[in-house]
Amino acid sequence: MTEKEGKYSNFRIAVPADYEEVFSLFYYAENRSAETITKTFLPSYQTILIFNFGAKAILESKENTQLKVNKSLVLGPIKHAFNYSLPTGSAILVANFNGDAFYRFFGNASVAKHLPIDPDNLLNENCFTALWGELDKIDNPNLRVSYILDFCRPYLKPRNVIMERLTNFTNNTLNPIKLVAVQQNQTERNVQLNHKKYLGYTAKEINRHRRFIKAIELIQDIALKSAKIDWFEIISACDYYDQSQLIHDFKHYINLSPTKYLRFQEEICNAKSD
């Protein structure tokens, strides 16, 4: 391990069972090396809340627009990969909202649309600035997460029944929109609109993303075994039509071909639990 690697740390923090419908996980990264560290976030189709501590982290969109993170900001739903850079003395704690949880907090699932928004502006009060001030006094990332969990509960609105059924739907062989529409005596169009309203994306979008993430996970598993990748096996296992469709999805989400992803995967963070 190099000195640079030894002084950069990043890891996931699991969410307690009673908060799993609110957050999928927390992600922490800290740079104590003498160099700026740059990584890439995979698209998660989740809205995220980023807290920055120490030197200001830098986010970079696919359009090469850069933004310095002050204390906290909201991004999402994250539909395309983006880079983040941590200068020396910088640390970030990322809360990944699960399903419709962002809407339950802020009342609009697609308000950010990949653009940064100060969370205080969504609530018209300075509670997140105050929250950051308390978190900044805590050194342990796990204790910071515990503080966030205690803070968030009073702000959480009741769950929409349609969204509860959609987010708990696990049968991949059935169409969730059609089934939930029948169960709730709603039109499919109304269920589709609710899906977009509460989650910030359509069912078609998330199905495509899940196929891509499945391909990513298969590639990583094979790479860990130091085995040769059979791309046609990946195509078949993930229900792609052909190799060009697989390549198209990789370019769409992370602007890399599958083979280039394989070479650079150590620089890419999957801040999502599934």
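Pick out, from SER236, PRO141, ASN160, the residue whose Cα sits farthest towards the positive end of the charge dipole of the stretch 125-274, with +1 on the Cβ of Lys and Arg and -1 on the Cβ of Asp and Glu. Ranked along the dipole, the leading option is ASN160.
Treat every Asp and Glu Cβ in the chain as -1 and every Lys and Arg Cβ as +1, leave all other atoms uncharged, and give the resulting dipole magnitude about the Cα centre to the nearest 20 debye.
520 debye
Counting helices only, and only those DSSP H runs with n ≥ 4, report the 222 nm mean residue ellipticity of the chain as the sum of -39,500 (n - 2.57) divided by its residues, in deg cm²/dmol to the nearest 500. So the helix-based figure for the chain works out to -11500 deg cm²/dmol.
Do you know the relative contact order of the stretch 140-274, to the nearest whole percent, from alpha carbon pairs under 8 angstrom that are 6+ apart?
12 percent
Shown in residue order for the stretch 217-232 are the 3J(HN,Hα) couplings computed by the Karplus curve 6.51 cos²θ - 1.76 cosθ + 1.60 at θ = phi - 60°: 5, 5, 4, 5, 4, 5, 5, 5, 8, 6, 9, 6, 7, 9, 4, 6 Hz (x for Gly and Pro). For a quick check, take a GNM of the chain with Cα springs below 10 Å and name the residue from ALA57, ALA81, ALA17 with the largest mean-square fluctuation. Answer for the Gaussian network model of the chain: ALA17.
Phi angles across the stretch 151-159 convert, under the Karplus curve 6.51 cos²θ - 1.76 cosθ + 1.60 with θ = phi - 60°, into 3J(HN,Hα) values of 5, 7, 4, x, 8, 7, 7, x, 7 Hz, Gly and Pro given as x. Of all the options TYR198, TYR45, TYR241, the one that moves most in a Gaussian network model of the chain with Cα springs shorter than 10 angstrom is TYR241. The lysine pair tally for the stretch 115-274, using Cα distances under 16 Å and a gap of 8 or more places or different chains, is 9. Using only the Cα atoms of the stretch 120-188, build the gyration tensor, take square roots of its eigenvalues as a ≥ b ≥ c, and label the shape rounded, prolate or oblate: rounded if a/c is under 1.5, else prolate if a/b is larger than b/c, else oblate. Prolate, because a/c is 1.5 or more and a/b exceeds b/c. With Cα atoms defining each centre, the stretch 198-252 and the stretch 43-71 are spaced 25 Å apart in the structure.
Residues with amide H under 5 Å of LEU25's amide H, sequence separation 5 or more or different chain, H placed in the peptide plane at 1.01 Å from N; which? Excluding prolines and chain starts, which carry no amide H, the hits are ASN96. For the stretch 38-45, 3J(HN,Hα) computed residue by residue from phi via the Karplus equation (6.51, -1.76, 1.60; θ = phi - 60°) reads 10, 10, 10, 8, 5, x, 10, 6 Hz, glycine and proline entered as x.
Taking all Cα pairs closer than 8 Å and separated by 6 or more residues, the relative contact order of the chain comes to 20 percent.
Remark: the chain carries 53 Å² of accessible area per residue (probe radius 1.4 Å; ligands, DNA and RNA excluded).
Roughly to the nearest percent, how much of the accessible area of the chain is carbon and sulfur, given a 1.4 Å probe? So the carbon and sulfur contribution to the accessible surface is 49 percent.
The values are calculated or read from the model by the stated rules, or taken from the named source; none is laboratory data. Since the structure is predicted, the reported quantities are computational estimates derived from the model, not experimental observations. Glycine also receives a Cβ, built like all others from the backbone with ideal geometry; neighbour counts cover every protein chain displayed. The area values use the complete protein model at the heavy-atom level, side chains included, leaving out ligands, DNA and RNA. Shrake-Rupley method; radii C 1.70, N 1.55, O 1.52, S 1.80 Å.
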